[in-house]
Ligand SMILES: Cc1cc2nc3c(=O)[nH]c(=O)nc-3n(C[C@H](O)[C@H](O)[C@H](O)COP(=O)(O)O)c2cc1C
């Protein structure tokens with residue numbers, strides 16, 4: 001795995017991690033390199049909080065006992081998601097649940113799998129990506145470029161990741177634990193660790209729609 005194309009093509013979301021330590025210095029180096037991502041006007045609007053080992057355990061304990069209000073900052077998906085997006089989302093979900101033998105009717109099984117998001121899927125490290133509430137749509141795309149750079153660099157260095165918008169459902173708890181300034185809004189979390197090679201869920205390889213579906217070469 002040397003070329004950028006190989007790294008891009010072999011990265012995938014990992015949803016079960018080994019209990020294997022992640023070096024905080026490595027995360028720091030990867031974040032520093034990822035900050036070379038472009039951003040409109042060079043605003044670099046990302047604000048990142050990192051949890052690792054002890055702070056991860058502290059956070060997960062805090063979260064289990066959190067009884068405060070939650071007021072999700074944004075809807076994760078648009079209401080009445082249009083085609084072809086709806087099908088892509090459903091297919092990914094069905095492929096994932098069928099890999100781990102959770103049937104369509106097994107609501108409890110699906111819920112329990114979804115709740116693993118809130119354990120960072122067992123990853124010993126993770127980050128939360130915030131953005132100043134003043135920022136708008138263009139700056140949110142900058143966050144995406146930064147996060148993709150980070151995830152690719154992590155993959156290059158042998159680490160695995162899963163971006164997690166589900167954490168937006170817990171913004172109250174997270175902001176309270178981190179004591180973030182009021183002007184910051186949570187975008188997502190990213191689980192960081194080493195994949196469990198024996199876990200079925202990590203066999204998921206999500207499909208992509210063909211280029212003809214989303215690119216138009218203008219004559
Ligand atoms: C911003 C963002 C948020 C995501 N949130 C979640 C999440 O909350 N839980 C989850 O299991 N996967 C989440 N994913 C992973 C996507 O489901 C995954 O990227 C997509 O299905 C494509 O698969 P791949 O990453 O394996 O290529 C997220 C991905 C992105 C980019």
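What follows draws every value from the coordinates through simple rules; no lab data is involved. Please read all numbers here as calculations on a predicted model, not as lab measurements. Here Cβ is always computed from backbone atoms with ideal geometry, including for glycine, and neighbour counts include all displayed protein chains.
Computed values, structure above
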| read-out | value |
| --- | --- |
| The chain: most fluctuating residue of 85, 97, 74 per GNM, C-alpha cutoff 10 Å | 85 |
| Alpha-carbon spread of segment 110-219, three principal axes, descending order, Å | 52, 42, 31 |
| Selected from 131, 108, 190 as most flexible by GNM, with the chain as the system and alpha-carbon contacts under 10 Å | 108 |
| Relative packing of peptides 58-64, 16-22 - highest average C-beta neighbours within 10 Å first | 16-22, 58-64 |
| Expected-Rg normalisation [2.2 N^0.38 Å, Cα atoms] applied to the chain | 1.04 |
| Calculated SAXS-style log₁₀ I(q)/I(0) at q = 0.25 Å⁻¹ - segment 159-204, Debye, Cα scatterers | -0.90 |
| Cα gyration tensor shape for segment 54-124, rounded if a/c is under 1.5, else prolate or oblate | oblate |
| Segment residue 83-residue 70, length gained on full extension (0.36 nm per residue, minus Cα span) | 1.7 nm |
| Peptide ranges 177-187, 149-159, 196-206 listed from the most packed, as the mean C-beta count within 10 angstrom indicates | 149-159, 177-187, 196-206 |
